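The next block holds one structure in the form of structure tokens; read it before the comments.
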Amino acid sequence: MELTKLFDQIDFVLMHGDLDVEIEHLAYHSKKVKPQSLFVCINGTRQDASQFINEAIEHGAVAIVTQNRSVNYPDVTMVYVEDIRKTLALLSCRFFDQPAQQLKMIGITGTKGKTTVAVMIYETLKKSGIKVGLIGTNGIFMGDQVYPSENTTPESYEIQYYLRKMADQGYTHVILEVTSIGIMRHRVDGFTFDIGCFTNLSPDHIGENEHNSFEEYKHYKMELMRRSDVCFINRDDFYAVDMINNAKGKVRLYDLTRVVDEPISAVDYLNEQGLKMRFLYKQLIFTIPLPGKFNVSNALLCIGVCEYLGIDVMTIKETLQDIHISGRSEFVETYPGVNVFIDFAHNALSMENILKTMLHYQPKRLITLFGCGGNRDRQRRYEMGKISGTYATLSIITSDNSRYESTENIMADIIRGMKETNGKYVAIEDRKSAIEFALQLALPGDMILILGKGHEQYQELNGVKKEFIEKEVILECLQNKAA
């Protein structure tokens, strides 16, 4: 495709060179540049992409897009744009020939519940015979293939690449987890959603390299409502009115009493191994193997969307009764009478929600194991310590993804919050050792919540990522104890 056609309806300034140059590849990472590539210079949080232009040219780039007017490479076509990320999104849509237009796009946003709802809808559509793809926290799912994704909402190029792949292979529906950061960084620009879903909203992702304020965070969450033909909105959430007022298409509401016009009743906690929830809908008893009313809310959103898409209620019921969500209230079988769960809860509000939920099941002891991510708002650590100290019988404070910070300092911040409560705690910096300690303590009737990492398959310490799959670590600790 000629560069001039790629830039059709995109604002730009030609710094020098030829717009008739033929483009065969699009890249925003210099190491992925091939001959006849257009290289789009996107800055990272720590690096200026302009420093990689030479490398891109050496690998065969014939045109460069930048928002830095000071760079000049006379041997290639240079194009200036004001918003490089928005430009990458629009270029990607054109380069892959607008694949979203061939697919029914379902977007899900909210502070909590995105992954759970996405998997619920995905599994239900699959069970009904629909060829559906999923792009989200746990990866990119196409049939039996799962491709890794660094972000819940991948970069715009990756989204368009996989949408084209799905469209070419006969997929008809795609579910996309849409984060506020993803919207802010233009990863979902250039197309609209047939269905947009809102789960809930609470302060999160506010701080360095994220959002400047809660109002900004909310603004980008509302943006999905503006870009969707039909909006499913959780009426139980405090900010539901903001979402409704910003919806451009039809609005369909759900809460713990009804899905659109159909009533819900008999919402019960089932204290069985693994913990479950039960509710009545259309004279059918639904059982989900996930704890808490928030998971009932997630299931109701799934029901609303799937029924809107024409899926019969029996198929939805059968799917939900066997649903499994990696890293989201995920039960791990250990000892008889002991409930061990892995969950992604990584801030005070999500911790409080899951701790209060688990107390409904009346465990003899509620034991938490958690740390906090580095290079994020420090107040989060203090608040997490305070919440765990308030609700847990024992808190085991350990490492999470410290990134470029000192794990010891992060743990100290958590302990500062813990000390404002009467909660008991122990600090064990090595996360595997902490898990081993928790399992050694376990007695029948106990509940152990291993929080913060959930689905992640790595731990990042001192800027280095190493494999760390929590479920496998738990099972390894059990084997070592048995030996």
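The values are calculated or read from the model by the stated rules, or taken from the named source; none is laboratory data. The structure presented is a predicted model; accordingly, all values stated were derived computationally and were not measured. Glycine also receives a Cβ, built like all others from the backbone with ideal geometry; neighbour counts cover every protein chain displayed.
Being outside any loop (DSSP other than H, G, I, E, B), assigned by TED's automatic domain parsing to the domain that holds F468 and crowded, with 23+ Cβ neighbours inside 10 Å narrows it down to one residue among S350, S395; which is it?
Just a single option satisfies the conditions, and that option is S395.
Can we say I367 is under 24 Å from the mean Cα position of the chain (by Cα) and either in a helix (DSSP H, G or I) or among the aliphatic types (A, V, I, L, M) (or both)?
no
Read through the list (1) more than 21 Å from the chain's Cα centre (by Cα); (2) closer than 13 Å to I448 by Cα, then give the number of the only condition that D343 fails.
(1)
From the list Q67, Q9, Q36, Q51, which residue is touching a helix residue (DSSP H, G or I) at 6+ places or on another chain (Cβ under 6 Å), of a type outside the set (A, V, I, L, M, F, W, C) and either outside the structural domain of Y162 (by TED's automatic domain parsing) or buried (at least 20 other Cβ atoms within 10 Å of the Cβ) (or both)?
Step by step, each of Q67, Q9, Q36, Q51 is checked, and only Q67 is touching a helix residue (DSSP H, G or I) at 6+ places or on another chain (Cβ under 6 Å), of a type outside the set (A, V, I, L, M, F, W, C) and either outside the structural domain of Y162 (by TED's automatic domain parsing) or buried (at least 20 other Cβ atoms within 10 Å of the Cβ) (or both).
Say whether the condition of being more than 22 Å from E476 (Cα to Cα) and out of contact with any strand residue (DSSP E or B) (no Cβ under 8 Å at 6 or more places or on another chain) is met by at least one residue in the range 391-404.
yes
Which residues, taken from the range 161-178, are of a type in the set (V, I, T) and over 22 Å from the mean Cα position of the chain (by Cα)?
Scanning the range 161-178 gives a single hit, T172.
When the residues of the range 39-48 are filtered to those that are among the β-branched types (V, I, T) and either surrounded by 13 or more Cβ atoms within 10 Å (Cβ to Cβ) or within 18 Å of Y80 (Cα to Cα) (or both), which remaining residue is modelled with the lowest pLDDT?
I42
Residue check, Q479 against (1) more than 29 Å from L359 (Cβ to Cβ); (2) in contact (Cβ under 8 Å) with a residue 12 or more places away in the chain, all met but one. Which one?
For Q479, the exception is condition (2).
So which of L451, L439 ends up being among the aliphatic types (A, V, I, L, M) and within 27 Å of G136 (Cα to Cα)?
One residue alone meets the criteria, L451.
Given the condition at pLDDT 95 or above, assigned to a loop (DSSP other than H, G, I, E, B) and closer than 20 Å to H455 by Cβ, answer yes or no: does some residue in the range 180-196 qualify?
Within the range 180-196, one or more residues are at pLDDT 95 or above, assigned to a loop (DSSP other than H, G, I, E, B) and closer than 20 Å to H455 by Cβ.
Out of the residues in the range 115-146 that are charged (D, E, K, R) and more than 16 Å from K317 (Cβ to Cβ), state the one that is modelled with the highest pLDDT.
K131
Residues of the range 156-174 being in contact with a Gly (Cβ under 7 Å, 6 or more places away or on another chain) and not in a helix (DSSP H, G or I), which ones?
Y171, V174
Could you count how many residues in the range 446-483 are at positive phi and either among the polar types (S, T, N, Q) or surrounded by fewer than 18 Cβ atoms within 10 Å (Cβ to Cβ) (or both)?
Count: 2.
Of the residues that make up the range 16-30, is at least one farther than 30 Å from I195 by Cα, touching a residue at least 12 places away in the same chain (Cβ under 8 Å), of a type in the set (A, V, I, L, M, F, W, C) and crowded, with 17+ Cβ neighbours inside 10 Å?
yes
Can you tell me which residue is surrounded by the most Cβ atoms within 10 Å (Cβ to Cβ) among those in the range 76-118 that are β-branched (V, I, T), assigned to a helix (DSSP H, G or I) and in contact with a strand residue (DSSP E or B) (Cβ under 9 Å, 6 or more places away or on another chain)?
V117
Report, by residue number, each residue of the range 6-34 that is in contact with a His (Cβ under 8 Å, 6 or more places away or on another chain) and either part of a loop (DSSP other than H, G, I, E, B) or on the phi > 0 side of the Ramachandran plot (or both).
Answer for the range 6-34, where residues must be in contact with a His (Cβ under 8 Å, 6 or more places away or on another chain) and either part of a loop (DSSP other than H, G, I, E, B) or on the phi > 0 side of the Ramachandran plot (or both): V33, K34.
Output the residue which, of all residues in the range 370-382 that are touching a Gly at 6+ places or on another chain (Cβ under 6 Å) and outside any loop (DSSP other than H, G, I, E, B), is surrounded by the fewest Cβ atoms within 10 Å (Cβ to Cβ).
Y382
Please find, within the range 246-273, the residue that is modelled with the lowest pLDDT out of those that are surrounded by 16 or more Cβ atoms within 10 Å (Cβ to Cβ) and of a type in the set (G, A, S).
G249
Considering only residues that are surrounded by fewer than 18 Cβ atoms within 10 Å (Cβ to Cβ) and of a type in the set (V, I, T), which ones fall in the range 432-445?
Matches in the range 432-445: none.
Does A49 satisfy the criteria of being under 29 Å from the mean Cα position of the chain (by Cα), farther than 25 Å from L163 by Cα and not acidic (D, E)?
Taking the combined requirement at face value, the residue satisfies it.
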